[in-house]
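Report on the following structure.
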Amino acid sequence: MISYKNHSEKIAQIKEGKFSLKENVAFFINEIEKQKHLNAFNFIFDDAIKIADKIESKIKAGTAGKLAGMVIAIKDVLAIKDKPLTCSSNILKNFEAIYTATAVQKLIDEDAIIIGKTNCDEFAMGSSNENSAFGKVLNPFDNQRVPGGSSGGSAVAVAANLCDVSLGTDTGGSIRQPAAFCGVYGLKPTYGKVSRYGLTAFASSFDTIGPFAKSIDDIALVLEVISGYDEKDSTSFNDEQKIYLEKISEPQKFKIGLPKEYFSSGLNEEIKKLINNKIEIIRSLGHETVEISLPNTEYSIATYYILTTAEASSNLARYDGAHYGFRSNDASNLNEMYTNSRTEGFGNEVKRRIMLGTYVLSSGYYDAYYRKAQKVRRLLKNDFDNAFNDVDIILTPTTPNVAFKIGEKSNDPLSMYLEDIYTTSANLVGIPGLNIPIGFNSENLPVGMQLMTNQFNELKILQLAKQLS
Amino acid sequence: MTIKKEDVKYIASLAKLKFDENEIEKFTEQFNEIISYIEKLNELDTSNVEPLAHPFESNNVFRNDELKKSASTEEALKNSPSKTEEFFRVPKVINQP
Amino acid sequence: MRIKIDYKNSPLYSLYILHYTFYILHYTLITSYIRKVKFKIQGLKLLETSKYEAVIGLEVHAQLKTNTKIFCGCSTKFGSSPNSNVCPVCLGHPGSLPVLNKKVVEFTVLMGLATNCRINEKSIFARKNYFYPDLPKNYQISQYEEPICEHGFITIEKKDGSHKKIGITRIHMEEDAGKSIHDFGDYTMIDLNRTGTPLMEIVSEPDLRSSEEAYLYLTKLKQILTYLDICDGNMEEGSLRCDANISIRLKGEKKFGTKVEVKNMNSFRNVEKAIEKEIERQIDLIEDGKQIIQQTLLWNADLEDLFPMRTKEEAHDYRYFPDPDLMPVVVNEDWKIELEKSLPELPDEKRNRFIEEYKLPIYDADILTSSINLADYYEKILRVTNDYKSASNWVMTEVLKIVNEQKIEIKEFKITPENLGELINLINNKIISHKIAKDVFNEMLTSNKSPNEIVKEKNLTQISDSSELEKEIDKILDANPKDVQDYLSGKEKVIGFFVGQIMKATKGKANPQTVNELLKQKLDSKKTFNNV
């Protein structure tokens, strides 16, 4: 039986000869096969076993990288050269990337093993992983329920022990919400901390890449590897702090803000109770907690949907059947090629968001919607800036409810959007957010708690999470 | 602001999407619901607020004028649904000189 | 016979000037004749039309001479095999991102400074959304609100010598689209090599009032662009493109008429012709009591006529919004000053300096500074010789004649400016005559030798030595006693015959001035002798 708590333990066991890396990869591939009904993977990479052999000898020779042998699954919106890149959409069903995303390349450069690509909501649009051309992903704790989205497959891959770590993307909660629904750690880093080069854009000024893991140490380690300025991404930034794992156990004491708007009427009582228990523990560890206010919170969802759909409507214009991807058979003239390829190639949620985004940008509405939302985005940023003048960390629930039933919200987009109430703000203001699994509700479904901190201060939330682990 | 079916059709034509009458109807309804929700923002006075384009405000991110390796023509055309040896191929563009 | 010889002996350049004078006279006569005929035909209409004025604004796209594209490291080289200068970024592949080429900003700011624009401290990129197969992302990255340069002007000089300021609304940076090739049956072929080539769009105010002004404005822009060495300015190859917005109104009217956009003019002359044609068309319509429809017309250079572009069914709604993949460009004072310092001498400055420093006529200065390369060529001659005017004459007649005949650029001209300067010095130092100089010049067109080498090799040094020449003169006079007699009896014209004979005997190497003087002395002394 292969069992380890985190990456350093794994390496130690391999060095001790407890198991081989090849066995380890074979185990995961076998598990993926066994848990096929979860539908977490779009593609499994058979070459992973061969690569495992090579890396194993590197480990033994002491020349391996930081992530030597870490088995990682990649959300199918990130490009890997010569591998499929579908974004779980029919419009890219036969597309193969011709280059590798910077974040993935950094993993490979540190000798991680990429085991496959995970299922997700189409083009990362959704909170349930029900919008996928590869079919829905099931929650491993209750197969009748959604795993959350959009990085549902990545969350499930870690939760169901189908890999060590996975990468997801987070535009409005797409890492943190499925992490909460599946009971694992999920980190959305500061906007720009991880290069977006090779991440299929949904909303460019919101999109981030981050890890899922069962161990907070592994989250810290992977963040260390994938973060930093990339000359291929104008919106990436140089990181002052790049060492996380080494510092994660430092016994820092923090002042923690509890925004009253996040603990009001919409929050499920059971979740509230579990979080309050955690807050008690935090106090007992010597941290200070204080109630704060983020007064514009109620406007975050509206702001988020205006800006992200606008950006998405433009970002997804390129999928048109002209140069790559799906082209409708019914394309006798140019306009038909465009319209039919897109109409047949995109799913409903993607179409809905493209439509909404096209509308808010269309002539005469730009100022009323887009510019207005950009202004409110500033107000939201000001809220957080003010808060971080006083506190180090903001603690909130990750989601108002636990994983919902499959199909429960698929006909009511607005109520689905409102589920993102606690997560969209971090994307609007570009700050890191971390989901910490804090237990289970009475139905034995995972509950998550979110820690947010100021831009580029990831270390603080990693340290607090470590103290709570 | 109420959105009519005609508006939805116009937006669809801009977005190069097509919907049947049922879908248009459903969309119009959902659209109105969403739009009336996002119009919530009008409660806020933002007359003296600068728009925020990026959560992290920076400027002058450049590259130098240096050649990088291009993709091969084969790679460029690899994913093309219709092509020749050298070109992407699309249905004839009619609105041209 | 004699006259012919005489004629040949005159300095070469004046011969050519004479030749050109005739040519120009001839040309003027013909064109004025054509105008008269045209006027007769259109006489009535011209009287009618003089009550209108045209209002023209130009949108000029200039491809920038960078090594790489605006947002990726692919080459901008013209003429590569299709779809070979492409990468995930310019192919618009999922996940690819643009990163701005710094040189594009610098070039655009230089153009802004050269055209008296305000350089906006902060400018941003926007996406212009529309579907087109040569635009792989289906949006063009351009600038919309907050462009980098605004509110400039340039000055044009009209034929009558008057000056006019033409306002420049804005100059902004954007990416070029790829190329569609339409002649493939039911298909259009797409080549994305050009996609992402940096463009600068220069938008004029509607200050232009005639096709002539538009032509002069465009020529001036090209001149500035090439002086700055940021664009080839080649309309035929598409490195410079021009669209015109044209309307007419009654003179004195303040309101603008309905404007028509004219596209697809791929040469400077075609811009002039197309605008002329469109103004006439609009006047005809109004005179016939018809309405002008707002539309886009395409110029067909072969048919020399305008045709409506087949319009797209759906309305244009470009849905501009700030590109979230790019950060703002901030040109602070330091950077601006640094760029200002790097500005080369601009056409007007150079022209004025040529007039002042080299005492050249305005006409010469205009021609010599019409292109930076020609001006450079001229000034390189002056590194070798101080004879400014001779240098100008040689360039404007002999050099430009060959350049135009061979349809080459001055840079490709065989004779180096240094060698041309040396040639001028050989004349001025009386080493060779103008006639010989012309032969040496022709020789230089095909060989790599310096004029000194050629003169030495072929022993072309002019004979100015009196004693040597006197011997030749005596020989000729002795051999032609009858002509000497003619001269002495008052037919002084025969002196030309003697000069010709001497030049022939010396193979053109005799210094004609010395020969003339000596001949006169000799003959006149005979006169005195006879009288005695």
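Brief remarks follow.
- Check on B:Glu85, more than 8 Å from every other protein chain (Cβ to nearest Cβ) and either over 24 Å from A:Tyr369 (Cβ atoms) or within 23 Å of the chain's Cα centre (by Cα) (or both): yes
- Count of residues meeting criterion [among the hydrophobic types (A, V, I, L, M, F, W, C), within 14 Å of chain B (Cβ to nearest Cβ) and buried (at least 24 other Cβ atoms within 10 Å of the Cβ)] in the stretch A:426-469: 5
- Restricting the search to helices (runs of 4 or more DSSP H) fully inside the stretch C:445-508 and requiring at least 2 residues that are over 18 Å from C:His434 (Cα atoms), under 42 Å from the mean Cα position of the chain (by Cα) and in the same structural domain as C:Ile427 (by TED's automatic domain parsing) gives an empty result.
- The condition of being modelled with pLDDT of 95 or more and acidic (Asp, Glu) holds for only one of A:Asp412, A:Asp392, that being A:Asp392.
- Residues of the stretch A:299-322 that turn out to be of a type outside the set (A, V, I, L, M, F, W, C) and over 29 Å from the mean Cα position of the chain (by Cα), as a count: 0
- Matching option when the condition is within 14 Å of another protein chain (Cβ to nearest Cβ) and touching a Leu at 6+ places or on another chain (Cβ under 7 Å), among C:Leu297, C:Leu303: C:Leu297
- Condition check for C:Lys435: farther than 25 Å from C:Thr506 by Cβ and either in contact with a strand residue (DSSP E or B) (Cβ under 6 Å, 6 or more places away or on another chain) or in contact (Cβ under 8 Å) with a residue 24 or more places away in the chain (or both): no
- Scanning the stretch A:218-255 for residues being buried (at least 22 other Cβ atoms within 10 Å of the Cβ), in contact with a strand residue (DSSP E or B) (Cβ under 8 Å, 6 or more places away or on another chain) and outside any loop (DSSP other than H, G, I, E, B) gives a total of 6.
- Residue within the stretch B:5-23 that is touching a Pro at 6+ places or on another chain (Cβ under 9 Å), charged (D, E, K, R) and more than 8 Å from chain A (Cβ to nearest Cβ) present: no
- Flag if C:Val109 is outside any helix (DSSP H, G or I) and of a type outside the set (D, E, K, R): no
- Test: residue in the stretch C:273-283 that is farther than 30 Å from C:Lys222 by Cβ, of a type in the set (A, V, I, L, M, F, W, C) and modelled with pLDDT under 95: no
- The sole residue among A:Asn315, A:Asn401, A:Asn348 that is in contact with a helix residue (DSSP H, G or I) (Cβ under 9 Å, 6 or more places away or on another chain), at the interface with chain B (Cβ under 9 Å from one of its Cβ atoms), touching a residue at least 60 places away in the same chain (Cβ under 8 Å) and of a type in the set (S, T, N, Q) is A:Asn348.
- Test: A:Lys273 is surrounded by fewer than 20 Cβ atoms within 10 Å (Cβ to Cβ) and under 24 Å from the mean Cα position of the chain (by Cα): no
- Single residue of the stretch C:112-159 satisfying the filter (part of a loop (DSSP other than H, G, I, E, B) and of a type in the set (D, E, K, R)) that is surrounded by the most Cβ atoms within 10 Å (Cβ to Cβ): C:Lys137
- Residue match in the stretch C:335-351 (condition: of a type outside the set (A, V, I, L, M, F, W, C), surrounded by fewer than 19 Cβ atoms within 10 Å (Cβ to Cβ) and within 14 Å of another protein chain (Cβ to nearest Cβ)): yes
- Filter pass, B:Glu57 being over 30 Å from A:Arg371 (Cα atoms), surrounded by fewer than 15 Cβ atoms within 10 Å (Cβ to Cβ) and not hydroxyl-bearing (Ser, Thr, Tyr): no
- Test for A:Thr200: is it of a type in the set (Ser, Thr, Tyr), more than 24 Å from A:Leu418 (Cβ to Cβ) and in contact (Cβ under 8 Å) with a residue 60 or more places away in the chain: yes
- Looking across the stretch A:194-235, not a single residue is away from chain C (no Cβ under 14 Å) and under 18 Å from C:Leu326 (Cβ atoms).
- Verdict on A:Leu274 being among the aliphatic types (A, V, I, L, M) and either closer than 30 Å to A:Ala403 by Cα or in contact (Cβ under 8 Å) with a residue 60 or more places away in the chain (or both): yes
- Being of a type in the set (A, V, I, L, M), closer than 30 Å to C:Trp299 by Cα and facing another protein chain (nearest Cβ under 7 Å) is a property that B:Val90 has.
- In the stretch B:38-53, residue farthest from A:Tyr369 (Cα to Cα) [restricted to those that are surrounded by fewer than 19 Cβ atoms within 10 Å (Cβ to Cβ) and under 22 Å from the mean Cα position of the chain (by Cα)]: B:Pro51
- Scanning the stretch C:142-194 for residues that are away from chain B (no Cβ under 11 Å) and under 17 Å from B:Phe87 (Cβ atoms) yields a count of 2.
- Only a single item in (1) over 24 Å from C:Asp134 (Cβ atoms); (2) touching a Cys at 6+ places or on another chain (Cβ under 9 Å) is not met by C:Asp207, and it is number (2).
- Enumeration of residues in the stretch A:321-339 that are within 7 Å of chain B (Cβ to nearest Cβ), free of Cβ contacts under 8 Å to residues at least 24 places away in the same chain and within 13 Å of B:Pro81 (Cβ to Cβ): A:Ala322, A:His323, A:Arg327, A:Ala331, A:Met337, A:Tyr338
- Some residue of the stretch A:170-187 being part of a loop (DSSP other than H, G, I, E, B), within 14 Å of another protein chain (Cβ to nearest Cβ) and either touching a residue at least 40 places away in the same chain (Cβ under 8 Å) or in contact with a Lys or Arg (Cβ under 9 Å, 6 or more places away or on another chain) (or both): yes
- Meets criteria (within 36 Å of the chain's Cα centre (by Cα), at pLDDT below 90 and either assigned to a loop (DSSP other than H, G, I, E, B) or exposed (fewer than 14 other Cβ atoms within 10 Å of the Cβ) (or both)) for C:Arg269: no
- Flag for C:Lys407 being on the phi > 0 side of the Ramachandran plot and either under 21 Å from the mean Cα position of the chain (by Cα) or among the aromatic types (Phe, Trp, Tyr) (or both): yes
- Residues that are crowded, with 24+ Cβ neighbours inside 10 Å and of a type in the set (S, T, N, Q), drawn from the stretch A:407-423: A:Thr423
The values are calculated or read from the model by the stated rules, or taken from the named source; none is laboratory data. All values reported here derive from a predicted model rather than from experimental measurement. FYI the Cβ positions are ideal-geometry reconstructions off the backbone, even for glycines, and counts take in every protein chain you see.
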